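*Asks:* Shown below is the structure under consideration.
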Amino acid sequence: MRGYSASESKLVAAWPAAKRTAWLLRHFGLNPRKSLGQNFLVDDHHIARLVEATLAGAPRQVVEIGGGLGALTVPLAQAGVALTVYEVDRRLAQVLQWLTEGMENVRVVAADVLQVKLEGGREVVAVGNLPYYVTTPILEHLFNASPPFGALVVTVQQEVGERIRARPGTKAYGPLTLWCRFYAASIEVIGRLPATVFRPRPKVDSLALRMVLRRKPPAEVADAASFFAAVQGALGHRRKTLLNSLRADARLQLPAGREAEVVKRAGLDGKRRGETLDFEEFVRLGNALAAERSVAADGGHGNGT
């Protein structure tokens, strides 16, 4: 950046994250933008754990979502991995370019990652402290990269992380849980990040997760659209039984009265509540829905089996 040399950037990059963040904010006249969810991680212990999780398995490339003021960018760059950083705030992108000046393994892109066509790969990991207000859109964008990423290392609001990791029958269990399970073969908690390790301090704690993504949809799922329709139908009315919840959801696009046949095909008890079904049971329900839709599209139900 104008007025600061490359040698100075190396000196600043070597500082602890809290000192570096405070200096950058002060010397470049930066104010964190609440509208962009800018809360900068400043705790070196948690940074080291996230970097370790990102580099596990020795990926050939890392894609960082929202480099901020370099909390992860700097140590990942120093590790020598091929690193592409997307930063929507052009002021911060300039700071990141200065901090990594002369590092040929780093590319900083001043762009909204949601507007970028992402390419993953088995040996490519995406990492980021996801802004709370766009967590789901960014996750969806990362899940739909082509080819898929090998893994994601993401920091999310603790409540969202608990929903992603929830078990059947718990209050947190819902569509987000099943959606992530569809794309991720495994989801591991790296650690809880209290609000105190961010500047400015957010109102809630965060959870860091590592998701190993599937190379393709689960083989047992006959039709992805029917799987997600079954999830929404079964979980759309949490106080209703499974059968009554399906009956209440017009999005299933079933002829009237065929919901019971779907439950029967899936080998489930219609008196259960949808939130008690595990992933495998939702797969069966989705497959039964796909089969019933196919029969309906052919114009008949035969003997109902």
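*Asks:* What is the calculated FRET efficiency for residue 196 to residue 27, with r their C-beta to C-beta distance and R₀ = 30 Å, to the nearest 0.05? Don't skip to the end; give the middle numbers.
*Replies:* Numbers: r = 24 Å, r/R0 = 0.80.
Taking R0 as 30 Å, the efficiency between residue 196 and residue 27 is 0.80.
*Asks:* Just the number, please: percent antiparallel of the DSSP beta bridges in the chain, rounded to the nearest 5.
*Replies:* Working: 18 of 38 bridges.
Taking every DSSP beta bridge with both residues in the chain, the antiparallel ones total about 45 percent.
*Asks:* Give me the percent relative contact order of region 91-216, please, defined on Cα pairs under 8 angstrom at least 6 residues apart.
*Replies:* Taking the mean separation of contacting Cα pairs over the length of region 91-216, I get 24 percent.
*Asks:* Here is the link list: 34/240; 19/203; 171/216; 203/271; 203/240. Which ones come out longer than 32 Å on Cα distance? Kindly include the intermediate steps, with their values, before the conclusion.
*Replies:* Numbers: 34/240 39 Å; 19/203 22 Å; 171/216 29 Å; 203/271 40 Å; 203/240 34 Å.
Listed pairs above 32 Å: 34/240; 203/271; 203/240.
*Asks:* Quick check: the angle from helix 279-297's long axis to the longest principal axis of the chain, C-alpha only, nearest 10 degrees?
*Replies:* In the chain, helix 279-297 runs at an angle near 60 degrees to the longest axis.
*Asks:* Can you check what the net charge comes to around residue 227, using other residues whose Cβ is under 15 Å from the Cβ of residue 227 (Lys, Arg +1; Asp, Glu -1)?
*Replies:* 0
*Asks:* Note down the Stokes-Einstein diffusion coefficient of the chain in µm²/s, whole number, using a Kirkwood radius over alpha carbon pairs, 25 °C, and 0.890 mPa s.
*Replies:* Details: Rh = 21.1 Å.
D = 116 µm²/s.
*Asks:* Percent relative contact order of region 15-120, based on C-alpha pairs within less than 8 angstrom and at least six residues apart? Can you show the working numbers first?
*Replies:* Details: 126 pairs, mean separation 22.2, N = 106.
Dividing the mean separation by the residue count of region 15-120 yields 21 percent.
*Asks:* Enumerate the calculated ³J(HN,Hα) couplings along region 271-277 in order (Karplus 6.51 cos²θ - 1.76 cosθ + 1.60, θ = phi - 60°), each rounded to whole Hz, writing x wherever the residue is Gly or Pro.
*Replies:* 7, 5, 8, x, 6, 8, 7
*Asks:* Follow-up question, since we're still on this one. With everything on Cα atoms, drop me the angle between helix 90-99 and the longest principal axis of the chain, reported from 0 to 90° to the nearest 10.
*Replies:* Roughly 60 degrees, rounded to the nearest 10.
*Asks:* Kindly state, to the nearest 0.05, the FRET efficiency for residue 256 paired with residue 222, given R0 = 30 Å and r defined as their beta-carbon distance.
*Replies:* Numbers: r = 23 Å, r/R0 = 0.78.
So, using R0 = 30 Å, E works out to roughly 0.80.
*Asks:* Once amide H atoms are placed 1.01 Å from N in the peptide plane, what residues at a sequence separation of 5 or more from residue 82, or on another chain, have their amide H within under 5 Å of its amide H?
*Replies:* Under 5 Å from the amide H of residue 82 lie the amide H atoms of 62, each far enough along the sequence or on another chain.
*Asks:* Which distance in nm do the two modelled labels at residue 278 and residue 136 give, with both placed 7 Å along the Cα-to-Cβ direction?
*Replies:* With each label point 7 Å from Cα toward Cβ, the separation is 2.7 nm.
*Asks:* Return the long-range amide H neighbours of residue 127 (sequence gap of 5 or more, or a different chain), with a cut-off of under 5 Å between placed amide H atoms.
*Replies:* Answer set, sorted by chain and number: 63, 64, 65, 153.
*Asks:* Could you please put 251, 165 in sequence from largest to smallest accessible area, using a 1.4 Å probe?
*Replies:* Values: 251 145, 165 115 Å².
From most accessible down to least: 251, 165.
*Asks:* Oh, and also: If R₀ is 45 angstrom, what is the calculated FRET efficiency for the pair residue 271 and residue 45, using the beta carbon separation as r and rounding to 0.05? Intermediate results must be reported in sequence, preceding the final value.
*Replies:* Values: r = 49 Å, r/R0 = 1.09.
After rounding, the FRET efficiency stands at 0.40.
*Asks:* Here's another thing I want to ask about it. Can you tell me how much longer the chain between residue 244 and residue 14 gets when fully stretched, taken as 0.36 nm per residue apart minus their C-alpha distance, in nm with one decimal? Mind dumping the intermediate values first?
*Replies:* On the way: separation 230, 0.36 × 230 = 82.80 nm, distance 6.02 nm.
In short, 76.8 nm is gained.
*Asks:* If you don't mind, another one. Rank-order 60-69, 13-22, 195-204 by packing density, defined as the average count of other C-beta atoms within 10 Å over each peptide's residues, highest first.
*Replies:* Numbers: 60-69: 24.1, 13-22: 16.5, 195-204: 15.0.
Per-residue mean Cβ counts within 10 Å order the peptides as 60-69, 13-22, 195-204.
*Asks:* Would you grab the residues whose amide H sits under 5 Å from the one on residue 193? Only those 5+ places off in sequence or on another chain, please, with H modelled 1.01 Å from N.
*Replies:* Long-range HN contacts for residue 193: 206, 207, 208.
*Asks:* Given q = 0.21 Å⁻¹, what are the Debye log10 I(q)/I(0) values for region 97-229, with equal point scatterers placed on the Cα positions and solvent ignored?
*Replies:* The Debye formula, applied to the Cα set alone, gives -1.41.
*Asks:* Cα-based Rg of region 1-97 per 2.2 N^0.38 Å, rounded to two decimals? Before the final figure, lay out the partial values.
*Replies:* Details: Rg = 13.2 Å, N = 97, 2.2 N^0.38 = 12.5 Å.
Ratio of Rg to 2.2 N^0.38 Å for region 1-97: 1.05.
The values are calculated or read from the model by the stated rules, or taken from the named source; none is laboratory data. What you see is a predicted model; the values in this text were computed from it and never measured. Glycine also receives a Cβ, built like all others from the backbone with ideal geometry; neighbour counts cover every protein chain displayed. Quick note on the areas: whole protein, heavy atoms, side chains included, nothing else; ligands and nucleic acids left out. Shrake-Rupley method; radii C 1.70, N 1.55, O 1.52, S 1.80 Å.
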